[in-house]
Amino acid sequence: MRRGLGVFLMLGAIAGVRPAPAQTTLSVDSVRAILRGAALASAMVDQLNAEDRPVQQSARNLIAELQIHNDSQCQYQDGHPEQCANYAAEQGSLADRSRLIQQQLLAIDKPRRAARLHFDSLMTVLRTGHYAAALARQQTALVACASRLELADEETCLTQVRLPPR
């Protein structure tokens, strides 16, 4: 198992945290669970960023080596391609290293993206919990306004719907 995957699997356990139903505001326990999940996701992103740094450095080093390699093109006498065998071997080695670095970057980036997405979704639940509850209390009025045939009627109706203060 890849290092860091254990933390990522722990995120799956927190993924069971669901937004509160729209009819209620978030409970204290829900907020605590969301914050725990966000802390785990954040720690996972930090760990993956740390794993990414040396791979990024390897990629920069490879780019510099590729530049040097490409700047010194090998030319051989007609009928003697073996004169550039070392150049061709180096080119193959650089291509192999490039593929390896790309695989390493992808192996880090996929779980990092998932952890960031999970973190963002948890933060969205925190930011929108109050609004969803307020909208749910006014659902009948909002649906009635949205059902009007004329856009101008909908706008007028919606401006008259009163949402409770925060």
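The values are calculated or read from the model by the stated rules, or taken from the named source; none is laboratory data. If you're wondering where the values come from, they're calculated on a predicted model, not measured in any experiment. All Cβ positions, even for glycine, are placed from backbone atoms using ideal geometry, and neighbour counts span all protein chains on display.
Points to keep in mind about this one:
- Taking residues in segment 83-109 that are in contact (Cβ under 8 Å) with a residue 60 or more places away in the chain, and partners anywhere that are of a type in the set (A, V, I, L, M) and surrounded by 11 or more Cβ atoms within 10 Å (Cβ to Cβ), the pairs with Cβ atoms closer than 7 Å and at least 6 places apart or on different chains are I108/L48; I108/V55.
- Test: L158 is modelled with pLDDT of 95 or more, in a helix (DSSP H, G or I), among the aliphatic types (A, V, I, L, M) and farther than 30 Å from L35 by Cα: no
- Residue under evaluation N86, criteria (1) loosely packed, with under 12 Cβ neighbours inside 10 Å; (2) farther than 30 Å from C157 by Cβ; (3) at pLDDT below 90, criterion not met: (3)
- When residues in segment 36-77 are screened for being farther than 30 Å from Q91 by Cα and free of Cβ contacts under 8 Å to residues at least 12 places away in the same chain, 2 of them pass.
- Candidates in segment 55-83 are the residues that are among the acidic types (D, E) and part of a helix (DSSP H, G or I); of these, the one that is surrounded by the fewest Cβ atoms within 10 Å (Cβ to Cβ) is D71.
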